[in-house]
Amino acid sequence: MTSKPTHPEHTALPRILFAREPGWQFSLMLALEILFLFIAVPALSSGDANRSVVSLLQLVLAGTAIALIAKSTWLRMMLATSFSLTLLTRFVPGLLPQATTLAMSFGYNFLVTAVMARAVFGPGEVNHHRIAGAIFIYLNLALLFALAFTGLWLFTPGAISGLPPGATVRFAEAVHFSFATLTTIGDGSVSPQSPFAKSLTDMEAIIGHLFPAVLLSRLVGLHLSRRS
């Protein structure tokens, strides 16, 4: 009994999908991140009817991260577990304390950022997809700080002035304040008040200056020098 020959085209697609070199998956991650931060998050603040759309985008982004940028089995398991718990708390409100939900969401996004950074700034050819991955990291840093500001507001409601009153801060407001701090544009209506809030804003502003000037510009320079 003879075995059927394996055609090259049968194995080409998996090799492309799970290539270790930065490829189209980084650009896809950036596109999904932009949709999530600038479309889904503002929509979430307009009413509960849009929460399913936000959760769906989160699911797609998480699936992409797990399948494409996590190369080892244990990393995929950690990403899948942390995201599953985060998604469960979103669909079942009150299942866990809000602080625990924020911590799990922060842990998941921190893990995604770390895995992406390892791939983007690791050895290999610098291409436009790798640059897209670096931009993804920059945007995700704003998301991480927004989660940190939300947690700080949870424990110290007066830590940041100018946010809408209420027991919990709207995440869209935290994201806006985080981007205003990261890009050093500033927002006169919102300002840190507590020492921890001021320390967080200082740290984010410093990262916002150094990341594009040092890391992102270095990647762009290497990409342009390779093409010349």
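No lab work stands behind these numbers, since they all come straight from the coordinates. These numbers come from a predicted model, not from an experiment. FYI the Cβ positions are ideal-geometry reconstructions off the backbone, even for glycines, and counts take in every protein chain you see.
Put simply, the amide H of GLY186, placed in the peptide plane, has neighbours under 5 Å in THR181, leaving out anything fewer than 5 places away on its chain.
How much net charge surrounds ALA142 when only other residues with a Cβ under 12 Å from its Cβ are counted (Lys, Arg +1; Asp, Glu -1)?
On the way: positive: none; negative: GLU33, GLU204.
Net charge in that neighbourhood comes out at -2.
Note on HIS176, HIS128: ascending count of other Cβ atoms within 10 Å places them as HIS128, HIS176, the fewest first.
Taken as Cα centroids, the range 173-212 and the range 107-165 sit 13 Å apart, rounded to the nearest whole angstrom.
When TRP24, TRP74, TRP153 are ordered from fewest to most other Cβ atoms inside 10 Å of their Cβ, what list results?
Values: TRP24 13, TRP74 8, TRP153 20.
Ordered by Cβ neighbours within 10 Å, fewest first: TRP74, TRP24, TRP153.
Multiplying the residue separation of PHE110 and SER191 by 0.36 nm and subtracting their alpha-carbon distance yields 26.7 nm.
Rank the residues TYR108, TYR138 as a footprinting-exposure proxy: fewest other Cβ atoms within 10 Å of their Cβ go first. Provide the component values of the computation, followed by the final result.
On the way: TYR108 24, TYR138 20.
Least crowded to most crowded, the residues run TYR138, TYR108.
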